[in-house]
Amino acid sequence: MPKSKTGFFEKICTYDNFEAAWEEVAKGKRDKPAYIRFARTREQYIWDTIWLLRHHQWKHHPCVHKGIYEPKYRELTIPILSDRIVHHAVIRQLRPVFDGYYHDASYACRKGRGQLDACFRLQKLYRKAIGRWGREFHVISVDLKSFFASIDHDVLKRLLRRIIREKETLWILDEIIDATDKGIPIGFLSSQDFGNYLNSYIDYFVTDVLHQNLYIRYMDDIRILVRSRAEAKAVLEALAELCTTKLRLTLSEKKTHIKPWRGRDTFCGYIVCPHRLMAKPDTVKRAHKRMAKKLRLFMAGELPLEKVCQSAESLRAYLAPTFSTLPPLSRTKGVE
């Protein structure tokens, strides 16, 4: 475990850091009215915010709540623009600390460790398991119930104090954490790092205490490959006890199970096999519906071609790993 560090507060409270945070937040959104208005006074905002932080007078504003269906209903708690810039300014300086603690089996919200990378690693784990045991092994699938919404503030704060000892930085983190009464919102940039860091304790417990090295975690979605069902039950019981007693988290009864390996598994948006990936039918179906809707809007003159092409590129990017070769998509083919 890395040693706890100090010296972050001075790096956070610099004009250059806040300017870089603004650039991250505004990327791809500069033409929106709220961002145009904010850009006119951002220099004054940055200096005012730095003063408030240095004098411990900064307060998190109330958030905006928004529901989305993708594919199921989720409620997003979104900070206002000025608070999002503070989040980015803080995480820009602290992310290297979190990265230094993360386990090699940890994916999500890390550079070079996205959903597709996680699928590739799971494929390698399958091949290792087949090399050890043939095709007779079991898969433990673990999902944490309402993960972000159920994170305990006291547990998170205590764990953060193991790697960060600077009081001023901890004060900012506490302000962000306490912006909501319970849990940490999905819509906060900081929540992704907080959640990944919290679950790192699961990573080290599984690999170092339970000695299970055929293991992968993508945020709160976990896979462990074991030889027998009896061993799988023992591992799952120990993991459930850790989550309940130490982290105050609960395993989802619907999504947590032990099953004999049947040659494939659904993970990170794909159907994963040892030597290939397959697209999930429901994901493709939803993408086709979105494309059809956007094409209708485009034909009616209500949507620019650029938006249609963006959706087509997204679908192509999702499908690309499921084919051995895929020709490049031309944005202008068939368009005069």
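Just checking: which of the helices (runs of 4 or more DSSP H) contained wholly in the stretch 1-92 hold 2 or more residues that are closer than 20 Å to residue 171 by Cα?
8-12, 15-26, 42-54
Give the residues of the stretch 269-280 that are free of Cβ contacts under 8 Å to residues at least 40 places away in the same chain and in contact with a helix residue (DSSP H, G or I) (Cβ under 7 Å, 6 or more places away or on another chain), sorted by residue number.
none
Being among the β-branched types (Val, Ile, Thr) and crowded, with 22+ Cβ neighbours inside 10 Å is the filter; apply it to the stretch 178-213 and report the residue that is farthest from residue 104 (Cα to Cα).
Of everything passing the filter in the stretch 178-213, 184 is farthest from residue 104 (Cα to Cα).
So, residue 92, is that one assigned by TED's automatic domain parsing to the domain that holds residue 147, touching a residue at least 60 places away in the same chain (Cβ under 8 Å), in contact with a helix residue (DSSP H, G or I) (Cβ under 7 Å, 6 or more places away or on another chain) and surrounded by fewer than 18 Cβ atoms within 10 Å (Cβ to Cβ) or not?
yes
Quick one: count up the residues across the stretch 117-138 that are more than 20 Å from residue 102 (Cα to Cα), in a helix (DSSP H, G or I) and hydrophobic (A, V, I, L, M, F, W, C).
Residues in the stretch 117-138 being more than 20 Å from residue 102 (Cα to Cα), in a helix (DSSP H, G or I) and hydrophobic (A, V, I, L, M, F, W, C): 3 in total.
For the stretch 10-24, enumerate the residues that are under 25 Å from the mean Cα position of the chain (by Cα) and over 11 Å from residue 94 (Cβ atoms).
Listed by number, the residues that qualify are 17, 18, 19, 20, 21, 22, 23, 24.
Residue under question is residue 20, and the condition is that it be closer than 19 Å to residue 96 by Cα, surrounded by 12 or more Cβ atoms within 10 Å (Cβ to Cβ) and among the small types (Gly, Ala, Ser); does it hold?
Criteria met by residue 20.
How about the stretch 97-112: which of its residues are small (Gly, Ala, Ser) and either touching a Cys at 6+ places or on another chain (Cβ under 7 Å) or surrounded by fewer than 17 Cβ atoms within 10 Å (Cβ to Cβ) (or both)?
Residues satisfying the conditions are 100, 112.
Have a look at 139, 86 and point out the one that is closer than 30 Å to residue 46 by Cα, modelled with pLDDT of 95 or more and crowded, with 21+ Cβ neighbours inside 10 Å.
86
With respect to residue 24, is the statement that it is free of Cβ contacts under 8 Å to residues at least 40 places away in the same chain and not aliphatic (A, V, I, L, M) true?
So residue 24 does not fit the description; no.
Could you tell me whether the stretch 27-47 includes any residue that is within 25 Å of residue 149 (Cβ to Cβ) and at pLDDT 90 or above?
No, there is no match, as no residue in the stretch 27-47 is within 25 Å of residue 149 (Cβ to Cβ) and at pLDDT 90 or above.
Regarding residue 248, is this residue of a type outside the set (Val, Ile, Thr), closer than 23 Å to residue 75 by Cα and modelled with pLDDT of 95 or more?
Spelling it out, residue 248 is indeed of a type outside the set (Val, Ile, Thr), closer than 23 Å to residue 75 by Cα and modelled with pLDDT of 95 or more.
Cβ-Cβ below 7 Å, separation at least six or inter-chain, first residue in the stretch 288-313 and touching a residue at least 24 places away in the same chain (Cβ under 8 Å) and not assigned by TED's automatic domain parsing to the domain that holds residue 28, second in a loop (DSSP other than H, G, I, E, B) and not polar (S, T, N, Q): which pairs?
Close Cβ pairs (under 7 Å, with a partner that is in a loop (DSSP other than H, G, I, E, B) and not polar (S, T, N, Q)) amount to 305/335.
Which one is farthest from the chain's Cα centre (by Cα) among residues in the stretch 115-167 that are of a type in the set (Gly, Ala, Ser) and farther than 16 Å from residue 191 by Cα?
Result: 134.
Taking interchain pairs and intrachain pairs at least six residues apart, which have beta carbon atoms under 9 angstrom, with the first residue in the stretch 241-268 and in a loop (DSSP other than H, G, I, E, B) and the second exposed (fewer than 12 other Cβ atoms within 10 Å of the Cβ)?
Partner pairs satisfying both residue conditions: 248/154; 261/136.
Select from the stretch 269-283 the residues that are in a loop (DSSP other than H, G, I, E, B) and over 20 Å from residue 129 (Cα atoms) and write down the one among them that is farthest from the chain's Cα centre (by Cα).
280
Being farther than 17 Å from residue 191 by Cα, part of a loop (DSSP other than H, G, I, E, B), without any contact (Cβ under 8 Å) to a residue 60 or more places away in the chain and of a type outside the set (S, T, N, Q) is the requirement here; does residue 112 meet it?
yes
The values are calculated or read from the model by the stated rules, or taken from the named source; none is laboratory data. Values in this document were obtained by computation on a predicted structure and should not be read as measured data. Note that each Cβ is placed from the backbone with ideal geometry, even for glycine, and that neighbours are counted across all protein chains shown.
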